[in-house]
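Data block below; observations after.
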Amino acid sequence: MKKIESGFSLIELLVVVAIIGILAAVGTVGYGNYIKSSKLKATAANVANLASALGTEDAARAAGIADGVCGTVAATAVTTCVTNIISGSNMKNPYNTSAAMASDGTSCTNEGNFSVSAISAGSLTITPCTKSAGTTFDGAGLTVKVGFFTS
């Protein structure tokens, strides 16, 4: 009686392992790009929400309502108002979710934070920090018209 061999040859198994390895490599690169894109979009959304809230606060101040998010903050303390808006919301830094989003002043030093320009001609620019310190940013900042805040 002749014995029938069954199973896979070594070559067939190596081909399957190679295919799985290629698929895993492609998937890892795709996942990394997906995560990077998500963090960039979350940072931009945080800055858009912040700009909207600051514009609303400025309009409330111009209408004589001083009990908004920024309370009795002076017209010269736009940075304090921005800090109050962030602490009153739940904006997290997408690059460090254990930390709240924060202002890096007038230049970016930490990914996921933002910079606020000095007020000029009745507006300021909020720029998302989406790259490491000392490098350029992805995308432009949002300009917010502010009539109440002066600096």
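Before moving on, here are some points about what is shown:
- Length released on extending from ALA24 to THR109, taking residue separation times 0.36 nm less the Cα-Cα span: 27.2 nm
- Cut-off under 5 Å, modelled amide H: who pairs with LYS92 long-range: MET101
- Label-point gap, in nm, between TYR31 and GLU12 - each point 7 angstrom along Cα→Cβ: 3.0 nm
- Counting 0.36 nm for each residue step from ALA59 to LYS145 and taking away their Cα separation leaves a gain of 30.0 nm.
- Exposure proxy shown here: for THR28, THR83, the number of other Cβ atoms within 10 Å sets the order, fewest to most, as THR28, THR83.
- Order of LYS92, LYS36 - criterion: other Cβ atoms within 10 Å of each residue's Cβ, fewest first: LYS36, LYS92
- For the stretch 6-13, the Karplus equation 6.51 cos²θ - 1.76 cosθ + 1.60, evaluated at θ = phi - 60°, returns couplings of 10, x, 9, 7, 4, 5, 4, 5 Hz by residue, with Gly and Pro reported as x.
- Between the stretch 86-127 and the stretch 41-56, the Cα center-to-center distance that results, in Å: 9 Å
Bear in mind these aren't lab numbers, they're just calculated from the coordinates by the rules spelled out. As the structure is a prediction and not an experimental result, all values here were calculated from the model. Counting neighbours? That spans all protein chains shown, and the Cβs are built from the backbone with ideal geometry, glycine included.
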